[in-house]
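The values are calculated or read from the model by the stated rules, or taken from the named source; none is laboratory data. The structure presented is a predicted model; accordingly, all values stated were derived computationally and were not measured. So basically every Cβ, Gly included, is an ideal-geometry build from the backbone, and we count neighbours across all protein chains shown.
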Amino acid sequence: MRTKTQKNLVPCIFLITFLFSMSELFSEVYLDGAGKGDDDGKSGPPLPLNEHKLWTEPVVVNGVKLGIEMSLLDEPFSICLSRMKKLYPDAQMTSNNKSLLFEITKNGVRRRIYIVGIGGIYPSIQFAVDMSQNIPENFTWPRDLPLPSGAIPQRYVALPDRGSVMGSFRSISDPKTTIDMLSSLLESDGWVSAGAGSDLRPESSGGIYLKTDPVRVMNIAAGKNKSGECFATVYMHTAKK
């Protein structure tokens, strides 16, 4: 049985897993600037982080089966940042004042780690994915997710144990037109609108759709990046019976 803490972390886990899969993993799109952590005040060799593992969950990224591991950390984020920089001085990493994203290679396997400062009894949380295979650029788009004509698939991530799948694509149209096309595809497939999405930026568009037998919810959103290109995401969750 999942604990309350585990259940509350599910949305965060999914988004972080999705972030792991993006080709712009170490770009400023996700983390603005390089962070400078406080020194942990200890001399001698850097200490490893004290991890309290929650659980490991299977994840599929562009058809490749991986696993994401979640752990709570005893140390504040500033200490985590300082220790990781000392432990892995040659690692590819980027950070801000609340999060650290980096990659190391051990025994020939690339391991991507994302640490976030959250405060509380366990002030930091860590997500790790072992990239035993390269994520392919070309893949088969999930048949349950809508894809407008002319759209260019970018990534998809599925959490099989939770009945969840998320995909992203680049659209040749503006955000509103892209959402209109997605809405048309969904409605023609029997989905019913449940209203506009929440927390959307002014230049973005979105919506929520529902379907029964089995019960499913679809969240769609589209917006422009810094280069003015339109990108969209579609997320579907199937309720367990």
Do you know which residues across region 83-97 are crowded, with 17+ Cβ neighbours inside 10 Å and part of a strand (DSSP E or B)? M93, T94, S95
Within region 94-123, count every residue that is over 16 Å from P48 (Cβ atoms) and of a type in the set (A, V, I, L, M). 5
Mind listing whichever residues of region 43-63 are out of contact with any Leu (no Cβ under 9 Å at 6 or more places or on another chain) and modelled with pLDDT of 90 or more? N62, G63
Any residue in region 163-172 that is among the polar types (S, T, N, Q) and closer than 24 Å to L54 by Cα? yes
Applying the selection to region 161-195, what residues are surrounded by 14 or more Cβ atoms within 10 Å (Cβ to Cβ), part of a helix (DSSP H, G or I) and among the basic types (K, R)? R162
Return yes when L147 is at pLDDT below 95, outside the structural domain of C80 (by TED's automatic domain parsing) and over 30 Å from K106 (Cβ atoms) and no when it is not. no
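So which of S71, S82 is over 17 Å from V129 (Cα atoms), free of Cβ contacts under 8 Å to residues at least 60 places away in the same chain and polar (S, T, N, Q)? Reasoning before the result, please.
Numbers: S71 fails: over 17 Å from V129 (Cα atoms).
None of the other options fit; the residue is S82.
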Matching residues, region 64-82, being crowded, with 17+ Cβ neighbours inside 10 Å, of a type outside the set (G, A, S) and modelled with pLDDT of 90 or more: L72, L73, E75, F77, I79, C80, L81
